[in-house]
Each structure stands twice: as C-alpha cells, then as structure tokens.
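Q: Before I ask anything, here is the structure I am working with.
The values are calculated or read from the model by the stated rules, or taken from the named source; none is laboratory data. Everything numeric here is computed off the predicted structure, so don't read it as measured data. In this analysis, Cβ positions are derived from the backbone assuming ideal geometry, glycine residues included, and neighbour counts consider all displayed protein chains. Protein only, heavy atoms only, side chains kept; ligands, DNA and RNA dropped before computing areas. Shrake-Rupley method; radii C 1.70, N 1.55, O 1.52, S 1.80 Å.
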Amino acid sequence: MIPDNIKNPPTLSVTPSEVKQLEDVLNSVSPVSSSNDDLSITLTQKQWKLLRTVVSSFLWLLSLLPVRKAGIEIIRKVFNISLSPLVKEHSKKENNDNTSTPVTPPIATNECEDCDSNSNENSNGKSNSSDETIPGPKSRPNHHGRRKSDDFKDVPKVDFFPELKSGDQCLGPDCRGKVYPFLVEGEVRKVLRFVFSPPFQPTIYQMHDLRCNICFRVYKAKIPIELIEDGALDERYLYSAQIALVIFHYGFGLPMHRLDLLQSLIGERFPESTQFDICEKVANIFKCMVDAIEREAANSFLFQGDDVGNRVRDLNAILRERRSDNKIVYREGVHTSLLIATTNEGHLLPVSKTGIIHFGELLDQVLSKRSANLPPVNLVCDANKVNKTFVGDIITGGCWQHARDYFVKAKNNFPKEAIVFIDLFKNIFKIDRETHQMNAVERLEYLKKNAQPIAKEIKKLVDDSVTKKIALPKSELGEAFTYFQNQYDKLSLPFEIAGMPIHNNISEWCTYLFVRLLVNSKFYNTAAGAAIGDTIITMILFSYLSLVNPYDYMLYCYKHKEEMKKNPHDFFPWKLGEKIESMPKNKQMKFWAPSPPIDQDLFDKPKVCT
C-alpha cells in the first residue's frame, strides 16, 4: 500500500538504527533456493512501515525527475535533510589530501521509531516542530546568474509577425477556424538574444529635401528634437558619443589604439588622433566645473588624499624644494596627487593633478583659496613626510588602515604575535561600520565608548611588547610597533574630534582609476595630455562620489555647456534637483553614500592599502 500524497512525503528524522533495520529487512526477504518461485515472507508491523516509506520515497523521486528545475538542493529542502557531519568532514578531508571516506547517506522515513499516532504533522504531511532548524539553500543575490527577459526593461524591442494576419483563415487541413493573437499569461512570447554592436556605430541620415521648381524655395527635412539636443546640427560625433569615448578611455582604461582596432573589425575605424581631439574638446568644456569643484573644496572641513606614481614623457627634472627635508634639489618623480574634500553637508569633492608634485603641495594650492575666518582643517592621510602642508591650520589624523598593514606584513614571520593585534584592529573597524547611520556627535560618543578602550588596549600591548623586546626594532613586527607608537596621538583623534574618519580608504580607492589608466596606456605623452586626463577623471570621480551615473550626468552638463560655463556651481548634482532625479543612479556605488555629515568607510571589510 502506497500513500496517495506522493508529491509531498512526510518528513521525519532518520536514525542510524533505522538504517540498520532496513538492512535486516532486505536480508530477511532475500530469495532462497526452492522449487517454488513464489516467496512468502511475514514482516513485523515495524518492518512493514519502514519498507513502505522507502518505496513511497523512491516513487516520489521518480515523479520529480521530469521536472526541469529539480535538483539535489530542492530534494534536501523537501525532505528537510542537511549534509551529515560525516559528509562535511569528508569534503574537508578530500580538499586537503584527496582521500575518500565512506559515507552513509541519510534516508527519509515516514514513521519515527518511538511515535505513531502522536506525531506532530499537519494535514499536508509537513512537520510543525523539529528539534533544530535546518537552513535551506541560500537564495541567489540580485543580478546573479541567469536573468529573465522581463528583467531587461530598457532594451530595444523588435516585433516579428507570422505570414498570416489576425482574423485570417487557418491553413490547417479541414479547418474552418480563424487565427487570433496567442498570448501566454496575457503577454506575447518573448525571445531574448544578445547581438554584437560596436561602441561607435556611424549612421547616415538621408535628408529628403524638397524644392519648388519655379521659385526654387527649399523645404528641408526636419531633424528629430532628440538628435538636435545631442548636437546633430553641428557635430559629426554626437555629444553622447563624445562622453562615451572619454569614459571608455579615462574611466575604464581602454587605450585609444585598442578602441581603433575594435572599430576596425567592422570596417569603420576611429583614429587615435580623432579620439584625442574629442577628449581635449570635452576636457576644455569641463574645465570650468573642475575649477568650481576646487574652489568649493577649499572651504571644506575634512581633507583626505594620497599620491600614486605616474609617467609623463616630456617632463624633465626641475629644481624645487623637497618636501621631506626642505632642501632645493632636482626633482624628477612624477605623481598623480588626489585630494578628496568633504563639505559640512557631507558632499565629496575630488581634486587631482599630475606632474612633479606631492599631495602636500596640492593641498597647499587648494588651501590658498580658502576663505578667512574658517575653523582649522581636519586632514587624514598616511605618515609620509611629503604630505605635510604649510598653509593654514591643520589637524592631522592618522590612518588605522596603514597601521594595520604593518601587522599584516609581519604576520608571516610573527604569526602568533601579529594575529592578536589584527583581531583588535578588526574590532575597531567593525565598531566604526556600526556608526554608518549616525551623525557626527553620535558617532563620536559611540567611538569613545566602544572603540577607544580597544585602542588603549592595543597601545598597552605594544608598549609591553617593546619593553619585553619580543621583536627586534628593524624587524617587520618591530617596525609595526614603532609606527603605532609614533602615530598613536594622530590615531586617537577620531575619538576626540567629531567627523574625523579612522582611515583613508576612500582616496586609496579613487586612485585606482589613475592606476588602471597607467597600466593600460603606460604613460602620458605631454603635460597637456596629463591635464586632460586629470580633468576628465575628476569629473568621473565627482559623479561616482555624488552617487549619479557618470555618463548621464556628464552628458546632461555637456548638453547645457553654455549655462554651465556661466554658473558651474548650479550644475553640482545636489543642486540640479528634479533634473537629475530622472537619471538612473549608479547602483555599483551605493556604499559610497556618506552618513550625515560624514562617514568614509567604503568596504564591509578593511582593505589593505598599497
């Protein structure tokens, strides 16, 4: 006798004793040598229930096989079975030494050993209580794996129709019916296909003008308003193509010669000289915006920044004061200095410059434009001497991420000692992430209460370790101790000043755009080319930091370039209001949003600075 409800078999736990009972049942019903082929075996009530459960479960599995989305995780979920400890242990051991361990798979039974009529099951045969909750398979995150055609909402749609029209006679043999639209769940059948399209597709618009044969008056064809707004009247390369080009090259590091090669695959080249002319034109348009960003950044209350090496071929060594010791020397090192300023409202403003320069010199240039009678500036950067500034009142804080990096480097040679400090650093970063939705005052009180005791504990452990001489001063661990002791006063400022971040990760991430361009394009040829790159990358970073799509934001500003030149401050993303609300937000940068008025933690986990 097989239960009727095969599709949802009851779920009960399986014990090793029941597995042994099943083996005894199979042994008891094994055929014997006899002249009579019929086999009559008497089973106990307990054995019969166990055998019935196994057979019904097997039939249910057979009924599940034709289902398209059936899988082992679904089967485990329905039977409420998780991997046994033996399986998990076997998997770990197999990964280590590639050895196999025999594992007894769990079996789902229909009756438990100690209960019959008092089982806690509902009308559908599902258990209402269990000793422990076994989690099912993890759900896939959004946009992971395959996507349905309904997920692509903003893509072009092309309609195809059969040879017949709605209402025509059916062509079937001996059929007198008529054909009508066939809808599946109220919609037409959709087929999603991906096709290749080059980044820049040339299009010829054929203008069918008319002319009077007597007065010779010409009636010109009308151009759609969308093309006019995109610069179709006087631009061979539309505004949208120009913005896409600068984002391809400076935002994603695609070299111009590679883009030219890609375009040549379809027979339509895009010469490098033409690309550079477009980039130069776009940079000249956005120069007023970059200058406005720098003026606005000068009056900010918080600065963060860093340097990254770069190359400019026509830059020669120059006599200039060395920031580390104030000596006049020939300097030839080329860097891209990036500064991220945070306003009192929490807006992030990037300023960058490439040349024979350091971050401290860039900061001097920005602070020289600062208004008078403003409070001292908060600065967070690494402890490099070239980052010091000589303009205005500066309160310099330390970077806990750089301090942590010293202990990470020492982990290979001093694993037991370094791991203790790394775990304490981890707790400080965790506490700082908990302040995301707090204002500056609440964040300061929370850090004082929870993070400052951990910082003091680290300081005490470092002092004791130095006293006990557990590591030589020149060793990796000794250098970590020295750095922490020298920078502790600066590292403790986030627990004393409201709005002071504990690390400099935001500027570290923003320099990746310059590094990616350097890795792909190798160098700038001239200082003018470097200035063009600084202007465009600054605009891209400004879009990212303001949580707007760089392409849509820069295209909007480019279409209104005459107005932007007159009042660039009115084109800041937070001042555009409803005009920019229609633009799609950059979901990839959602974790950049600063808490009011400031929060600079970018990542769920601390990032090792390079």
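Q: Using the structure shown, decide if Leu547 is aliphatic (A, V, I, L, M) and either under 30 Å from Phe407 (Cα atoms) or open to solvent by less than 30 Å² (accessible area, probe 1.4 Å) (or both).
A: Criteria not met by Leu547.
Q: Continuing with the same structure: Listed residues Leu424, Leu339; which is hydrophobic (A, V, I, L, M, F, W, C), assigned to a strand (DSSP E or B), within 30 Å of the chain's Cα centre (by Cα) and modelled with pLDDT of 90 or more?
A: Leu339
Q: Moving to a separate point now. Take Thr389 and tell me if it is assigned to a strand (DSSP E or B) and either at pLDDT below 90 or among the β-branched types (Val, Ile, Thr) (or both).
A: Against the criterion (assigned to a strand (DSSP E or B) and either at pLDDT below 90 or among the β-branched types (Val, Ile, Thr) (or both)), Thr389 does not qualify.
Q: Name the residue that is farthest from Asp364 (Cα to Cα), counting only residues in region 314-347 that are basic (Lys, Arg) and surrounded by 13 or more Cβ atoms within 10 Å (Cβ to Cβ).
A: For region 314-347, the residue satisfying everything is Arg331.
Q: Also, I was wondering about something else. So, Ser119, is that one part of a loop (DSSP other than H, G, I, E, B), over 30 Å from Gln242 (Cα atoms) and at pLDDT below 85 or not?
A: It is true that Ser119 is part of a loop (DSSP other than H, G, I, E, B), over 30 Å from Gln242 (Cα atoms) and at pLDDT below 85.
Q: Now for a different question. Specify which of the listed residues (Tyr406, Tyr446) is of a type in the set (Ser, Thr, Tyr), over 21 Å from Asp306 (Cα atoms) and over 26 Å from the mean Cα position of the chain (by Cα).
A: Tyr446
Q: So, in region 167-184, how many residues would count as being open to solvent by 70 Å² or more (accessible area, probe 1.4 Å), assigned to a loop (DSSP other than H, G, I, E, B) and in contact with a Lys or Arg (Cβ under 9 Å, 6 or more places away or on another chain)?
A: The qualifying residues number 2.
Q: Only one of Glu457, Glu479 is within 19 Å of Tyr406 (Cα to Cα) and touching a Leu at 6+ places or on another chain (Cβ under 9 Å). Can you tell me which?
A: Every option except Glu457 fails the conditions.
Q: Criterion first (under 20 Å from Ile502 (Cα atoms) and hydroxyl-bearing (Ser, Thr, Tyr)) does Thr396 satisfy it?
A: Here the answer is yes, as Thr396 does meet what is asked.
Q: So how many residues does region 348-386 have that are part of a helix (DSSP H, G or I), open to solvent by less than 60 Å² (accessible area, probe 1.4 Å) and either under 20 Å from Tyr330 (Cα atoms) or not hydrophobic (A, V, I, L, M, F, W, C) (or both)?
A: 6
Q: May I pose another question? State which residue is modelled with the lowest pLDDT when the search covers only region 152-165 and only residues that are loosely packed, with under 10 Cβ neighbours inside 10 Å and over 22 Å from Pro224 (Cβ atoms).
A: Lys153
To keep it simple, each residue is scored yes or no on (1) modelled with pLDDT of 90 or more; (2) open to solvent by 10 Å² or more (accessible area, probe 1.4 Å); (3) of a type in the set (D, E, K, R); (4) under 25 Å from the mean Cα position of the chain (by Cα).
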{"site": "Lys522", "(1), (2), (3), (4)": "no, yes, yes, no"}
{"site": "Ala531", "(1), (2), (3), (4)": "yes, yes, no, no"}
{"site": "Thr538", "(1), (2), (3), (4)": "yes, no, no, yes"}
{"site": "Met554", "(1), (2), (3), (4)": "yes, no, no, yes"}
{"site": "Cys557", "(1), (2), (3), (4)": "yes, no, no, no"}
{"site": "Trp574", "(1), (2), (3), (4)": "no, yes, no, yes"}
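Q: Which residue, of Ile470, Ile506, Ile536, is out of contact with any Phe, Trp or Tyr (no Cβ under 6 Å at 6 or more places or on another chain), part of a helix (DSSP H, G or I) and of a type in the set (A, V, I, L, M)?
A: Answer to the selection: Ile506.
Q: Among the helices (runs of 4 or more DSSP H) lying completely within region 185-299, list those that include at least 1 residues that are without any contact (Cβ under 8 Å) to a residue 40 or more places away in the chain and open to solvent by 90 Å² or more (accessible area, probe 1.4 Å).
A: Of the helices (runs of 4 or more DSSP H) lying wholly inside region 185-299, those with at least 1 residues that are without any contact (Cβ under 8 Å) to a residue 40 or more places away in the chain and open to solvent by 90 Å² or more (accessible area, probe 1.4 Å) span 225-229, 256-264, 272-298.
Q: May I pose another question? Criterion first (open to solvent by less than 80 Å² (accessible area, probe 1.4 Å), modelled with pLDDT of 75 or more, farther than 30 Å from Tyr237 by Cβ and of a type outside the set (Gly, Ala, Ser)) does Cys112 satisfy it?
A: no
Q: Here is a further query. Mind checking which pairs have a first residue in region 322-351 that is touching a residue at least 60 places away in the same chain (Cβ under 8 Å) and farther than 19 Å from Lys385 by Cβ and a second that is open to solvent by 50 Å² or more (accessible area, probe 1.4 Å) and not aromatic (Phe, Trp, Tyr), Cβ under 6 Å, 6 or more apart or different chains?
A: Final answer for the pair search is Gly346/Pro596; Leu349/Glu296.
Q: Exactly one condition in (1) part of a helix (DSSP H, G or I); (2) open to solvent by 50 Å² or more (accessible area, probe 1.4 Å) is false for Val408; which is it?
A: Tallying (1) part of a helix (DSSP H, G or I); (2) open to solvent by 50 Å² or more (accessible area, probe 1.4 Å), Val408 fails exactly one: (2).
Q: Give the residue that is surrounded by the fewest Cβ atoms within 10 Å (Cβ to Cβ), with candidates limited to residues of region 441-464 that are farther than 15 Å from Ile422 by Cα and in contact (Cβ under 8 Å) with a residue 40 or more places away in the chain.
A: Within region 441-464, the match that is surrounded by the fewest Cβ atoms within 10 Å (Cβ to Cβ) is Val441.
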